[in-house]
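Notes for the one structure printed next.
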Amino acid sequence: MFRTLRFDAVLIQAVIAGALSFSHLHDLAQAAGQDGWKAWAYPVSVDLLLVAAWRRMRTDGGNRDAWLWFAIALVASLGANVATAGMLDMNDVPPWLRILVAGWPALAFLGGTLLAHAHAPVPKPEPAPVEESAPDLTVERAPEPAPELPPAGPSPQEVAPDHASLAPTVPVPPALLDHARKIADAHRAQTGAPIDAATLRARLGLSAALADSIALQLA
């Protein structure tokens, strides 16, 4: 209830202040030669400019134009209040005041237009959230065992097949045969057994038929 009473008191005070200011502006305009409805239009123009500047200040507090036009309208309202309080002879208004009153409509229109078409402040974009980088992890892997190599040749217990009765079917170049003989001698010295066609084929990368022919000639 106290809040309601306080709000009503402020509202009543605002109505009284507005009515007095409205009346003073009317009296000053009438004394400056503006009679009839024109004298009543001046206080409306001043109050509208005050409201427009105040609304622009509410939406954009850093707008200097809004503060400037608010100050101009406030000076016009306060000047009328002071002038009609006995500081000015209302029956003999000076020419400069008549000029100000006559030029006020154009000035108020200019201020209201500038305030109405002023650009609203553009909100600054919010910075994008910084993604936290994942911590560097060092993964240690166990060393993989080395692959087992196939045996160089058959074990000494294996008996070489008898190729004496078989005749070579593929001609073998002499140079290849000499090279194969060296490999066969090294194999015999290492294992104690003659080299077979499969081992010879694996060592030299030959075809099966050519390896068989070389093995027959080396037997």
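Overview of results
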| quantity | calculated |
| --- | --- |
| Failed criterion for Ala73 (all others in (1) of a type in the set (A, V, I, L, M, F, W, C); (2) surrounded by 21 or more Cβ atoms within 10 Å (Cβ to Cβ); (3) farther than 15 Å from Leu114 by Cα hold) | (3) |
| Unmet requirement for Val44, which otherwise passes all of (1) open to solvent by less than 50 Å² (accessible area, probe 1.4 Å); (2) in a helix (DSSP H, G or I) | (1) |
| Residue satisfying condition, being on the phi > 0 side of the Ramachandran plot and either not in a helix (DSSP H, G or I) or not polar (S, T, N, Q) (or both), within set Gly86, Gly61, Gly79 | Gly86 |
| Of all residues making up the stretch 13-39, the number that are among the aliphatic types (A, V, I, L, M) and in contact with a Lys or Arg (Cβ under 8 Å, 6 or more places away or on another chain) | 2 |
| Residues of the stretch 79-95 that turn out to be open to solvent by 50 Å² or more (accessible area, probe 1.4 Å) and at pLDDT 85 or above, as a count | 1 |
| Failed item in (1) at pLDDT 75 or above; (2) charged (D, E, K, R); (3) part of a loop (DSSP other than H, G, I, E, B), with Arg98 passing the rest | (3) |
| Any hit, the stretch 101-120, residues being out of contact with any Lys or Arg (no Cβ under 8 Å at 6 or more places or on another chain), at pLDDT below 65 and surrounded by fewer than 12 Cβ atoms within 10 Å (Cβ to Cβ) | yes |
| Matching residues in the stretch 12-40 - criterion: being open to solvent by 40 Å² or more (accessible area, probe 1.4 Å), over 15 Å from Val82 (Cβ atoms) and free of Cβ contacts under 8 Å to residues at least 24 places away in the same chain | Ile12, Gln13, Ala14, Val15, Ile16, Ala19, Gln30, Asp35, Gly36, Trp37, Lys38, Trp40 |
| Cross-chain or 6+ apart pairs with Cβ under 8 Å, the stretch 41-53 first and of a type in the set (Asp, Glu), then open to solvent by 50 Å² or more (accessible area, probe 1.4 Å) | Asp47/Phe22 |
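The values are calculated or read from the model by the stated rules, or taken from the named source; none is laboratory data. Computed from a predicted model, the values in this text were never measured in an experiment. Neighbour counts are summed over all protein chains in view; Cβ atoms, including those assigned to glycine, are modelled from backbone coordinates with ideal geometry. The area values use the complete protein model at the heavy-atom level, side chains included, leaving out ligands, DNA and RNA. Shrake-Rupley method; radii C 1.70, N 1.55, O 1.52, S 1.80 Å.
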